Amino acid sequence: MLKQMEGSRAVAEAVALCRPEVICAYPISPQTHIVEALGEMVKEGALASCEFINVESEFAAMSVAIGASAAGARSYTATASQGLLYMAEAVFNAAGLGLPIVMTVANRAIGAPINIWNDHSDALSQRDSGWLQLFAETNQEALDLHIQAFRLAEELSLPIMVCMDGFILTHAFERVDMPTQEQVDAYLPAYSPRQVLDPDEPVSIGAMVGPEAFMEVRYLAHAKQMEALKLIPAYAAEFKAVFGRDSGGLMHTYRSEDAETIIVAMGSVLGTIKDTVDEMRDSGHRIGVLGITCFRPFPVAAVADALRQAKRFVVLEKSMAIGLGGILAVNVRMAVTGMGLKGYTVVAGLGGRAITMKSLHALFRQGEKDELEPVTFLDLDWKAVNKQLEREKAHRRSGPVAEALLRDVGIVGARNY
Amino acid sequence: MSFQPVKFYQTGTFTVGNRLLPPEERSVQSDSKRFNSINSGHRACQGCGEALGARYAIDAAMEAADGRIIAANATGCLEVFSTPYPETSWQIPWIHSLFGNTAAVATGIAAALKVKGKTGTRVVAQGGDGGTTDIGFGCLSGMFERNDDVLYICYDNGGYMNTGVQRSSATPAAARTSTTPAVGAEPGNVFGQGKFLPAIAMAHDIPYVATATVADLRDLEAKVTRAMEIRGARYIHILVPCPLGWGTASHDTIRMARLAKETGIFPVFEAEHGEIKSVLAIRRPLPVEDYLRPQKRYAHLFGKQPRIDVIAHLQAQADRNIRKYGLQARKGGH
Ligand SMILES: Cc1ncc(C[n+]2csc(CCOP(=O)(O)OP(=O)(O)O)c2C)c(N)n1
Ligand code: SF4
Ligand SMILES: [Mg+2]
C-alpha cells in the first residue's frame, strides 16, 4: 500500500511485518523514532509475541540480542554513531558467534567533536566486524532491505546492519509502498536457527579457540560472506517477484553503460549525484553512477565489471580513513586492481555538511579532465583550517581545536547550507 | 539409590551428616543421580573453590528446574577451565559471549524463552567477581532494575584470577595481588576502596539476594533452591577461595571459606526485596588472624615486624560486619 510517512516509521513497520520476537533498544539520535515506534507497537499489542526491552546501554542492547538470538528468537535492535561504538565488542561477538541479528544503523558522525548529523563513519568503523552491511539509497529501499536482511541473516546465520542515512532518510517524509503481512510472510520463512540453546539438546556456545583452529573459524566467516555475494542478488530477485520492486542487490548502476567517468557512492547522496549526472548527460558528458548497496561483503567482481568500460572513477564517500584518505575508495581500488583505471577519492558530507549539486557539477567536471587530487575534501573551509594551523604554529597552548574553529567560523548551530 | 543406615554419630565437626537426615532432606550433591552439570575433567586448579561453587550451585538449580537450565557465562576462570574444546564440562546448554555482558545475554535468553512460551526453562547467569562487580556491573544493574527473570551467580574469589591475580573491586583490603603488590609503606590492596555487591543488589529491591560460601553446602543449595522458587531478578554471591590467587593449600579451600564466615570477614545472609531475612550466625568466633595467616596474599602482615595495625584494621572491618548483619554466635550453637 502506498503511504506517506517518515523513514523511521516505514522501517519500524517493515520490521514489525518481519515478526521480530525480541527487540532491545537504547536511544540515540537519529535512530530513536524507529525504536519508539516499535516499542509502541509492542506495548499496544499490535506486535504480538514480541518482547521489547529497554536496556541501559547499547552494549547491553547488542548483548540482549545475542542472548535472544542464541535462544532461538528473531532479534532486532537499532543504533547509530556513539551507540554503535559503545556496543562494538558485542558487535564483533555477535558475528563471531554467527547469530543472525538484524540492526538498523541510522548513520551519523562519530565524535569528538560530538555531532548528531549524517555521515558513514559509524557503520564503516565496524566494516571488519563480520557483519553484512547494506546501505539504503531511499526510504523505500531501507524498508525493503530490512525484509531481505532477516531472510539473508537467518539463511547465512550471520548478523546484518541495514544502514540508512540519519535524518536525511530517517526523518524524511516520503512516499513508500508498504508491503502486506501476507507478502512478507510469503517471502520470509520462520526462523530456523542453526544453533540454539535448548535443554533438550545441550550445546556449549562460545568456547575458547586457540591457534589450532582460529584461522579456520575466521576463514569460514569470510567464506559465508562470499556465499552472500550470490544470495543477495538471488534474494533481491525473489523480492522483486513477490513485491514487484527492484530493491537491494549488490549495487545499482545508473547511466553507466558508455560512461568514461563513473561516480561511486553509497546511500542517499546517490539521489543528488544522479540528478547532477542527468544534467551533465543532457549537455553531452559521458558520466554515470555506481551505487554500492552491499558494502560487506564487498562485491569485488561486480564492481570491477561495472567499472571495466570506464576510463576513471571518482569515489565520493561520507567517510574518511584519517591518515590515508577514503574507506570506500580503498575497497573500490581493491576491486579494480590491475585494470589501469584512474581513481579519485572525494571525502564529502562529513558530520552533515551538505553535498550540493553545484559542488558536484564542479567536482565531476574536474574529475573528467583528470584535474582532481588523489584525495579531495569537498567544500572544505580552507581559510578556517589554515587559520587554525597557523595558530598552532604560533602558540604552544593553542587550546581545543573544535572550539577555536567554531569561534572562527562564527556561526551558531549546524551549518547546513 | 539405596541409603545407608546411620552407623555412627559425628560430633565436633562442621560437616553435615547427610546420613542423619531423611532422604528428601539430603543435599543435592549427596545424590548419586545429581546432574553433574559441570562434569569432571575440567582444567581448574586443584582445590578451586569456583569449580566447586559452580558445581554446587548449578546442580541445585538443575534440581529445582527439573533439568531445564540455560546458562550464560562471563569470561573468566570458570569459562576458560570448563570449555577446553573439543571438551566441555557443561552438560547444560551454555553460552559464553563476553566478559562484561553476561547479565544482558541472560536477559536476552529469558526474553526469548518468554516469547516462545518456554517458561519452564530457567536462566542462570554466572561470572567471577571482576566480571560482576566491575566490567559487568552496568549490565547487571540493568538486569536487576528491569527485574528480568534471571538468577545471577557471582563466584567471588577476590580478584581477576584468570588474567593472573589482579585487583578487582572485590579484592579485600591489604590483600596482595599482582596490581596491588606487597611493597611500600602500605603493602597490598588499599583500605577504603572496593564494594560489597550483595548490598548494592539489595538496593535494587530485587526479590532475592543471598550470600553463601563453598563451606556450607546445604546453605548454598538451600539458597539456590529458594532463588529458583522466585521469578524475577535474583542474585547469589558465593565466596570461592582460590588456592592460586590466595596462596593457600588446595586442601584448605573449604577451611578458608569457613574461616571467612566464622571470623565475620564474609557475612552470610539472605534478603528479600531489600530486607534481610536470615543470617548464618557465627558458630565459633575466631580472630581474623586465623583467616589471614594461612594465606600468602597476606604474608606481608606477618613478617619480621608484624603489621598489628593492619590486622587490627581488618578485625575492625569484621567486627563491623558482625554488628551490621547480626552475625554474633548464638548460645547453644547453630
Ligand atoms: C573486555 C575485556 N577486558 C579484559 C579481559 C581480560 N580478562 C579475561 S578474564 C579476566 C579476569 C576475570 O576475573 P573474574 O571475573 O574475577 O573471574 P575469575 O577469573 O577470577 O574467576 C580478565 C581481566 C577480557 N576478556 N575482556
Ligand atoms: S586460578 Fe583460582 S579460580 Fe582460577 S582455576 Fe585456579 S583456583 Fe580456580
Ligand atoms: Mg575473580
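The numbers here are math on the coordinates, done by the rules we state, and not lab data. Note that the structure is a prediction, hence the values are computed from the model and not measured. Neighbour counts run over all protein chains shown; Cβ positions are idealised from the backbone, glycine included.
Points worth noting:
- Point-charge dipole on Cβ atoms (K/R +1, D/E -1) for chain A, about Cα centre, debye to 20: 1440
- Helical contribution to [θ] at 222 nm, DSSP H n ≥ 4, -39,500 (n - 2.57), averaged over chain A, rounded to 500: -13000 deg cm²/dmol
- Per-peptide average of other Cβ atoms within 10 Å, ordering A:219-231, A:255-267, A:302-314, A:70-82 highest first: A:70-82, A:255-267, A:302-314, A:219-231
- Rounded FRET efficiency, nearest 0.05, which uses the C-beta distance separating A:M226 from B:K324 and R0 of 51 Å: 0.25
- In terms of Cα atoms, the Rg and Dmax of the protein assembly as shown work out to 30.4, 106 Å.
- Expected 222 nm ellipticity per residue - DSSP helices of 4 or more, -39500 (n - 2.57), all of chain B, to 500: -9000 deg cm²/dmol
- Since only A:I101, B:S37, A:N115 are under comparison, the one whose Cα sits farthest along the positive direction of the charge dipole of the protein assembly as shown, derived from C-beta charges on Lys, Arg, Asp and Glu, is B:S37.
- Principal axis box of segment B:15-112, alpha-carbon based, largest edge first, Å: 44, 34, 22
- Using only alpha carbons, segment A:251-377 has a radius of gyration to Kirkwood radius ratio (Rg to Rh) of 0.92.
- Sequence ranges A:181-192, A:165-176, A:5-16, ranked by mean other-Cβ count within 10 angstrom, highest first: A:5-16, A:165-176, A:181-192
- Projected label distance in nm at B:K331 and A:Q309, using a 7 Å step from Cα toward the beta-carbon: 10.3
- Where N is the number of residues in segment B:264-334, Cα Rg divided by 2.2 N^0.38 Å: 1.30
- Dipole magnitude of chain B, debye to nearest 20 (Cβ charges: Lys/Arg +1, Asp/Glu -1, about Cα centre): 540
- With 10 Å bins from 0: P(r) over segment A:118-171, alpha-carbon pairs, percent: 25, 51, 23, 1
- The mean count of C-beta atoms from other chains within 10 Å of the C-beta of residues in A:20-28, rounded to a whole number, is 2.
- 10 Å Cβ neighbours from other chains, averaged over peptide A:46-57: 4
- With viscosity 0.692 mPa s and temperature 37 °C, the Kirkwood radius over alpha carbon pairs of segment A:165-255 converts through Stokes-Einstein to a diffusion coefficient of 186 µm²/s.
- Virtual spin-label span in nm between A:Q195 and B:F302, 7 Å along Cα→Cβ: 4.6
- Leading residue at positive end of dipole, the protein assembly as shown (Cβ point charges), from B:Q126, A:T337, A:A321: B:Q126
- By average C-beta atoms within 10 angstrom, highest first, the peptides B:199-207, A:59-67, B:33-41, A:278-286: A:59-67, B:199-207, B:33-41, A:278-286
- Each Lys and Arg contributes +1 and each Asp and Glu -1, all at the Cβ; summed about the Cα centre of segment A:2-243, the dipole is approximately 280 debye.
- Calculated SAXS-style log₁₀ I(q)/I(0) at q = 0.08, 0.14, 0.17, 0.18 Å⁻¹ - segment A:2-243, Debye, Cα scatterers: -0.27, -0.87, -1.31, -1.48
- Hydrodynamic radius of chain B by the Kirkwood approach over all distinct alpha-carbon pairs: 20.3 Å.
- Number of partner chain Cβ atoms within 10 Å, mean per residue of A:205-217: 4
- Principal axis extents of the C-alpha atoms in segment A:134-211 (largest first, rounded to whole Å): 48, 35, 17.
- Rotationally averaged projected area of chain A (alpha carbon convex hull; nm²): 23.1
- Spin-label model distance (nm) - A:R397 vs B:H251, 7 Å beyond Cα toward Cβ: 6.7
- Once backbone amide H atoms are built at 1.01 Å from N, A:T104 has A:T77, A:A78, A:T79, A:V162 as its partners under 5 Å, excluding neighbours fewer than 5 places away on the same chain.
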